[in-house]
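Here the structure comes first, spelled out in structure tokens, and everything after it is commentary.
None of the figures in this text is laboratory data; all of them are computed from the coordinates on show. Here the structure is a predicted model, which is why all the values come from computation and not from measurement. Cβ placement follows ideal geometry from the backbone for every residue including glycine, while neighbour counts extend to all protein chains displayed.
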Amino acid sequence: GEDVEQSLFLSVREGDSSVINCTYTDSSSTYLYWYKQEPGAGLQLLTYIFSNMDMKQDQRLTVLLNKKDKHLSLRIADTQTGDSAIYFCAEPRRGNNRLAFGKGNQVVVIP
Amino acid sequence: DVKVTQSSRYLVKRTGEKVFLECVQDMDHENMFWYRQDPGLGLRLIYFSYDVKMKEKGDIPEGYSVSREKKERFSLILESASTNQTSMYLCASSSLLNTEAFFGQGTRLTVV
């Protein structure tokens, strides 16, 4: 099947901003999701955006959606050590019955 | 608090053994999923179920089967474990009305 694309690794200094990018495949996706996976744990929903929005801000998180290019990004302001994790973007597939995930982007925060 | 619980955090099994991974959710969700997670490959869907006794193959079903006898429980079965099935296994559930998936904590399976 078609893949949701993400770059694999990002290191960032504590206090700087992090930007994680994702390219999704289905222009008709109604929601797009960002999940966070801390070491040794399952995935937790971090934030999501409706497809009729260009931007969503939630405290230190900003999600940008470019529907024309099918590009999704997650910006984390004032990155902290607790933000060290793998971040996955995801989009619905097969009549919204399931999610397709990117390969994940590992973020390492350097103190 | 919504909860998806996987029966084991860590498992070590021998090649050829039959392995059962259990997952229970308490949210009355219709959909349940089994993924495996490997470095550099992300999450890959093995099987999913959208109702009791219903199942559908995901992207990598070979070597696996599943069972859903009750709505809250979804089991992943490795009929004859092999070393290439060493991986992190993640169970998830979602409702029919909302694609947001809730994940268990994962089971790290090692086949020796």
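Descriptive notes on the structure:
- Cβ-Cβ FRET estimate between A:HIS71 and B:GLU62, R0 fixed at 35 Å, reported to 0.05: 0.60
- Plainly put, the protein assembly as shown has a radius of gyration that is 0.97 times its Kirkwood radius, both from alpha-carbon atoms, as the Rg/Rh ratio.
- If you plug the beta carbon distance of B:LYS70 and A:THR30 into 1/(1 + (r/R0)^6) with R0 = 35 Å, you get a FRET efficiency near 0.70.
- Cβ-Cβ FRET estimate between A:PHE50 and B:ARG14, R0 fixed at 45 Å, reported to 0.05: 0.40
- Put a plus charge on the Cβ of each Lys and Arg, a minus charge on the Cβ of each Asp and Glu, and nothing anywhere else: the dipole of chain A about its Cα centre is then about 260 debye.
- Whether the stretch A:1-89 is rounded, prolate or oblate, judged on the alpha carbon gyration tensor where a/c under 1.5 counts as rounded: prolate
- The stretch B:1-43 versus the stretch A:64-111: alpha-carbon centroid distance in Å: 22 Å
- For the stretch B:33-103, the fraction of C-alpha pairs farther apart than 15 angstrom is 53 percent.
- Ordered by the count of other Cβ atoms within 10 Å of each Cβ, fewest first, A:THR30, B:THR86 give A:THR30, B:THR86.
- Among B:MET88, A:MET53, sorting on how many other beta-carbon atoms sit within 10 Å of each Cβ, with the fewest leading, yields A:MET53, B:MET88.
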